Amino acid sequence: MTSQKDGNLNPHNRLMTGAEIFVRSLIEEGVDIVFGYPGGAVIGIYDALHDISDIKHILTRHEQGAVHAAEGYSKASGKPGVALVTSGPGATNTVTGIADAYMDSIPIVVFTGQVALKLIGNDAFQEADIVGITRPITKHNYLVRDVNELAPTIKEAFYVATTGRPGPVLVDLPKDVMASKAHFDYPKKVVMRSYNPHIQGHTKQIVKAAELINKAKRPVLYVGGGTILSNAAEELKALARKARIPVTTTLHGLGSFPENDELAMGMLGMHGTWYSNTAVNYCDLLIAVGARFDDRVTGNVDAFAAEAKKIHIDIDPSAISKNVKVDVPIVGDVKHVLRDLLPLVQTLDTKDWLQTIKQWKEEHPLRYRNGKHIRMQYVIQRIGEITNGNAVIVSDVGQHQMWAAQFFKYIHPRTHITSGGLGTMGFSLPAAMGASFARKDIPVISLSGDGGIQMNIQEFATCVEYKIPIKIFIMNNGYLGMVRQWQELFWRRRYSQVKMSSPDFVKLAEAYGCAGFRAVQKDEVNDVLAKAFAINDGPVVVEFKVVKEDNVYPMIPAGMTWKELMDVPDEELKSVKGETPEVEEIMTLAKG
Amino acid sequence: MSELTATPAAHGHDRKHTISILVENKFGAFNRIAGLFAAKGYNIDSLTVGPTEDDEISRMTIVTRGDDSVIEQIMKQLNKVINTVKVTDLTYESFVERDLALIKVQTKTDTRSEIMQIAEIFRAKIIDISPRTVTVEAIGSEQKVDAIIKMLKPFGIKELARTGRVALKREFQGEVN
C-alpha cells in the first residue's frame, strides 16, 4: 500500500487516467471513507482505489445501503458522504437513497459508472440514463464527457452538495472517460456564475425580527433540521436562554436544543407533545429557524399558529412563503443569522408564559401504561436512561420512529438520525453503519420495526465483515404498526396487508455471524440491553417482542388542526390488552 | 384567522407572466427547467430557447400563468436551479415581445387575393405559394399573431407553426409601447 499523499511522482508531471484523477480528487476533498459496490463500468476506478490507504472503502451488500450509509455518515459527522456504484442497476438502486437525501437536505456525492460515451443511448449492457432519472431528486447532477473536466466537476460537485441548502449531487462517469488520460490539477476554488447562496441575513430583516421578538409576550422557537445542518446549536441555545423563549423542534430538529433544559418542549406536529402543539396554537410570535412548515408539522396550515406573527429564517428562499405566509422572512444561514440577531434581542418577561407551559407539561406529559409485555416506549425510555442522551439514535420509519422522537431526551446535535421527508423504510440499519464510522466515542443504535429491518437486512453481512459496533434493535410487533394504527383509527379496523411474519432474528444474527438476543417479557429488557451495551467489538442484534397493537399518541390526524389533537385515550391508560391490572404502572415523560 | 395566513387562492387571480431566464449552456440545463415545470405542476403557455450575445449563456422565455404566490414560487424555484444565471419576470416591466407564426392557408382562385390583403394589413409576408395554398409569415406581439390566425381561419388553416414568445426588457423603462 502506498499513500498517495506522499506522492512519489509529481502529479503534474505525468498523465493520469480518469480513474486515478478521480481517486486523487477525493483525497484532495478530504474524503476518507467511501461506501460502494463495484461492477463492470467502474472496474477501472476500483482498480485505482485498490492501492490507496487514504480512503477506506466499505463494500455494502446493496447500493441502496451504500447511499443510506453515506447519509448516516454525513448526518453524524457534518461532512459530505460519498457513495460509488456501477452503471445500470447499480445506479438505479441508488435512487431511493438519493431521493431521501434530497428531501432531508443531506450533503452526499454519489458517483455512478456509465457505459462508454459512444454507447450512451444504445441500450448498451447495464446502461441507464441515471442523470435523467435523478434530475428531479438531486440538487444537481453531472455527466462527465471529457477527462479534462473530471477534476473541476468533482470539485464543483462537493461545493454544490455542501453549501447553501445542502443536498445530494450525482456525478456520472462514463467508462471510456475514466480510462482516458489528462494532467491532474485540482482546482483551488470554485467559481460559478450561476450559483451563489446567501449566507448573511439581510440586516434590515434581522432588525425587524428583533423588534417583533422584543415585543412578544408568548413567543415560541420552532426549530428544524437546518439548525443542525448549519451547526448552530450553540447560537440557538444562546438566543433561547437570553430571550427566555421556549423551544419546540421538528423531527429533524431534535438534538439542536437540549431536551433536559426547562425551555425545551420536545417535538411538535402530528405526533408532537401535547404542550408544544398547544403552545404553538397560543403563541403570539412563532420564530421558525431552519424549518420548512412541513405538512406533518402544520396539519391544516390555515389554523397553524393562526394568531401569531411569524419570522422565518431559512437559507433556501423557495422554502419561505411556500406553505405559510410569514411576516419577516430572513434568507440566510441559520448560524450567521442567529449570531447577528442575538445582540439585538432583549431578555423578555416570559415568566407567565413559561409557567403556563410548565403546568401543561405536568398535566399532559407523554404517557403509556406499562404491563408485563414490552412496549416500545419503555425500551426507548430505558435506552435514554442508560445512555443519558449520549448515543446516536438512528431510527427507521413508523411507530418506533415517533416513539424514538418522543421518549428519548436528545441533548446533543447530530445524535438523532432518521428518514423524515421521504420516510424511507430500511433506512436505519445502513444509516447507522455510516454513522458508526463518524462516531466512535458513543454507542450508535439502529432502531427498526420488523417491517423496516427486512428492507435492508442484507447489511447484517456488512456489519459483521467490518465489525461495525452498532446495536441493531428490532421492535417486532408482527405488524406494519403505523399503517395498522391508521387502519384502526380511520379505516374501521380493516387490517389490510399489515400483518407480517419475520424470520427468527436471533438465529439470523447468528447465521450472519453476530450476537443475537431476544426479550419477550418486560422484565427481560434491562438484561438484554445490558448484554447489548457490553458488546463493543462488532454488531449485536436484539429482538424485542413488543405489544402487537399499540398506538402513537398524541396525534393530530393528517390535515387537521390543534383542536383535533388526540392525547392518549383514558381507556388505554386503564389497562393493556389482555393483562391483569396489578402488574401495571403508568409511565410518564416530559421534555424539559 | 389573520390575513397573512390566507391560502394562496385568496391572493388574487391567475395572470399571464412572461419570464426571461438566462441559463448556462450546460448538459441538461434545458431539461432541468422544463422538468421543473412538469414536476411542480406549473402551466407553460409557451417556451422558447435560443442563444444570446454570450456564448456560454442561453435565454429561455417562458409564458406561464398563476396567482401571485404561484408566480413567486416559480421565480424562486427557477433561481434554485444550479445552471440559472438570472431570472426576470418581465410582466411588471416595460418589455418588447415578438412571436412568429408560419401559417399555411388553403386557397382557391377567388380567395387568394383576399388572403394576401389580410396579410398586408398585418404586415405579414407570403413566403410560399402553391395552387392550393399560401404560407404566411406573421411576426408581432402575441395578440397580433392571434388576430391574423383568427382572420385566416375561415379560409382553412392547413398547418401552423408558431415560435412562442421571445421578449427583452426595454432599455428605457418610461417609454410606452
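The values are calculated or read from the model by the stated rules, or taken from the named source; none is laboratory data. Quick caveat, the model's predicted, so the values are computed rather than measured. For neighbour counting, all protein chains shown are included, and Cβ atoms are generated from backbone atoms with ideal geometry for every residue, glycine included.
Among the residues of region B:60-116, those that are within 14 Å of chain A (Cβ to nearest Cβ), polar (S, T, N, Q) and assigned to a helix (DSSP H, G or I) comprise B:69, B:73, B:77, B:79.
If you go through region A:281-313 and keep only what is among the aliphatic types (A, V, I, L, M) and either under 28 Å from residue A:203 (Cβ atoms) or in a loop (DSSP other than H, G, I, E, B) (or both), you end up with A:285, A:286, A:287, A:288, A:289, A:291, A:305, A:306, A:308, A:311, A:313. If the condition is being within 11 Å of chain A (Cβ to nearest Cβ) and either at pLDDT below 90 or not in a strand (DSSP E or B) (or both), then region B:10-24 contributes B:10, B:11. Among the candidates B:103, B:71, B:115, which residue alone is hydrophobic (A, V, I, L, M, F, W, C) and within 24 Å of residue A:198 (Cβ to Cβ)? Answer to the check: B:71. Of the residues in region B:160-172, not one is more than 30 Å from residue B:73 (Cβ to Cβ), free of Cβ contacts under 8 Å to residues at least 60 places away in the same chain and buried (at least 17 other Cβ atoms within 10 Å of the Cβ).
Against the criterion of being within 14 Å of chain B (Cβ to nearest Cβ) and either closer than 19 Å to residue A:318 by Cβ or in contact (Cβ under 8 Å) with a residue 40 or more places away in the chain (or both), residue A:193 does not qualify.
Please enumerate the residues belonging to region A:126-149 that are closer than 25 Å to residue A:78 by Cα and either modelled with pLDDT under 95 or not aromatic (Phe, Trp, Tyr) (or both).
Of region A:126-149, the ones closer than 25 Å to residue A:78 by Cα are A:134-142.
Within region A:126-149, A:134, A:135, A:136, A:137, A:138, A:139, A:140, A:141 meet the criteria.
Only a single item in (1) within 25 Å of residue A:73 (Cβ to Cβ); (2) part of a helix (DSSP H, G or I); (3) in contact with a strand residue (DSSP E or B) (Cβ under 8 Å, 6 or more places away or on another chain) is not met by residue A:474, and it is number (2). Does at least one position in region A:43-62 carry a residue that is part of a helix (DSSP H, G or I), under 26 Å from residue B:80 (Cβ atoms) and not charged (D, E, K, R)? Within region A:43-62, not a single residue is part of a helix (DSSP H, G or I), under 26 Å from residue B:80 (Cβ atoms) and not charged (D, E, K, R).
Sort out which residues of region A:233-257 are charged (D, E, K, R) and part of a helix (DSSP H, G or I), and write them in order of number. Break it down into steps so the answer makes sense when it comes.
Taking region A:233-257 as the starting set, the residues that turn out to be charged (D, E, K, R) are A:234-235, A:237, A:241-242, A:244.
Correct list: A:234, A:235, A:237, A:241, A:242.
Quick one: which helices (runs of 4 or more DSSP H) sit completely within region A:485-592 and have at least 2 residues that are out of contact with any Lys or Arg (no Cβ under 8 Å at 6 or more places or on another chain), at pLDDT below 95 and within 23 Å of residue A:374 (Cα to Cα)?
Details: elements: A:505-512, A:525-534, A:570-574.
Correct list: A:570-574.
Taking the numbered list (1) over 25 Å from the mean Cα position of the chain (by Cα); (2) within 12 Å of chain B (Cβ to nearest Cβ); (3) crowded, with 21+ Cβ neighbours inside 10 Å; (4) not hydroxyl-bearing (Ser, Thr, Tyr) in turn, residue A:137 passes all entries but (1).
With the condition kept exactly as written, say whether any residue in region A:84-101 is surrounded by fewer than 24 Cβ atoms within 10 Å (Cβ to Cβ), within 14 Å of chain B (Cβ to nearest Cβ) and under 24 Å from residue B:26 (Cα atoms).
We begin by selecting, within region A:84-101, every residue surrounded by fewer than 24 Cβ atoms within 10 Å (Cβ to Cβ); these are A:88-89, A:92-93, A:95-96, A:99.
Subset that is within 14 Å of chain B (Cβ to nearest Cβ): A:99.
Filter again for under 24 Å from residue B:26 (Cα atoms), leaving A:99.
Looking for residues that are surrounded by fewer than 24 Cβ atoms within 10 Å (Cβ to Cβ), within 14 Å of chain B (Cβ to nearest Cβ) and under 24 Å from residue B:26 (Cα atoms), one finds at least one in region A:84-101, hence yes.
Restricting attention to region A:461-476, the residues that are of a type in the set (Phe, Trp, Tyr) and surrounded by fewer than 24 Cβ atoms within 10 Å (Cβ to Cβ) add up to 1. Out of curiosity, is residue A:410 within 24 Å of residue A:451 (Cα to Cα) and not assigned by TED's automatic domain parsing to the domain that holds residue A:228? Judged against the criteria, residue A:410 is not a match. Put simply, of A:74, A:25 the only residue that is in contact (Cβ under 8 Å) with a residue 40 or more places away in the chain and either assigned to a loop (DSSP other than H, G, I, E, B) or closer than 18 Å to residue A:456 by Cβ (or both) is A:74.
Selection of region A:281-313 for residues being in contact with a Leu (Cβ under 7 Å, 6 or more places away or on another chain) and within 13 Å of another protein chain (Cβ to nearest Cβ) yields A:285, A:305, A:308, A:309, A:310, A:311.
Among residues of region A:146-171 that are within 12 Å of another protein chain (Cβ to nearest Cβ) and touching a residue at least 60 places away in the same chain (Cβ under 8 Å), those with a Cβ under 9 angstrom from a residue that is of a type in the set (S, T, N, Q) and assigned to a loop (DSSP other than H, G, I, E, B), sequence gap 6+ or separate chain, pair up as A:164/A:196; A:165/A:105; A:167/A:105; A:167/A:138; A:169/A:138; A:170/A:94; A:170/A:138.
Among the listed residues A:115, A:169, A:110, which satisfies the condition of being modelled with pLDDT of 95 or more, over 22 Å from residue B:30 (Cα atoms) and surrounded by 24 or more Cβ atoms within 10 Å (Cβ to Cβ)? Exactly one of A:115, A:169, A:110 is modelled with pLDDT of 95 or more, over 22 Å from residue B:30 (Cα atoms) and surrounded by 24 or more Cβ atoms within 10 Å (Cβ to Cβ), namely A:110.
Within region A:207-232, the residues that satisfy the criterion of being surrounded by 23 or more Cβ atoms within 10 Å (Cβ to Cβ), among the hydrophobic types (A, V, I, L, M, F, W, C) and part of a helix (DSSP H, G or I) are A:209, A:213, A:228, A:229. Kindly indicate whether residue A:333 is surrounded by 24 or more Cβ atoms within 10 Å (Cβ to Cβ) and either charged (D, E, K, R) or not assigned by TED's automatic domain parsing to the domain that holds residue A:214 (or both). In short, yes. Any chance region B:147-161 includes a residue that's in a loop (DSSP other than H, G, I, E, B), at pLDDT 95 or above and out of contact with any Lys or Arg (no Cβ under 8 Å at 6 or more places or on another chain)? The answer is yes, given that some residue of region B:147-161 is in a loop (DSSP other than H, G, I, E, B), at pLDDT 95 or above and out of contact with any Lys or Arg (no Cβ under 8 Å at 6 or more places or on another chain).
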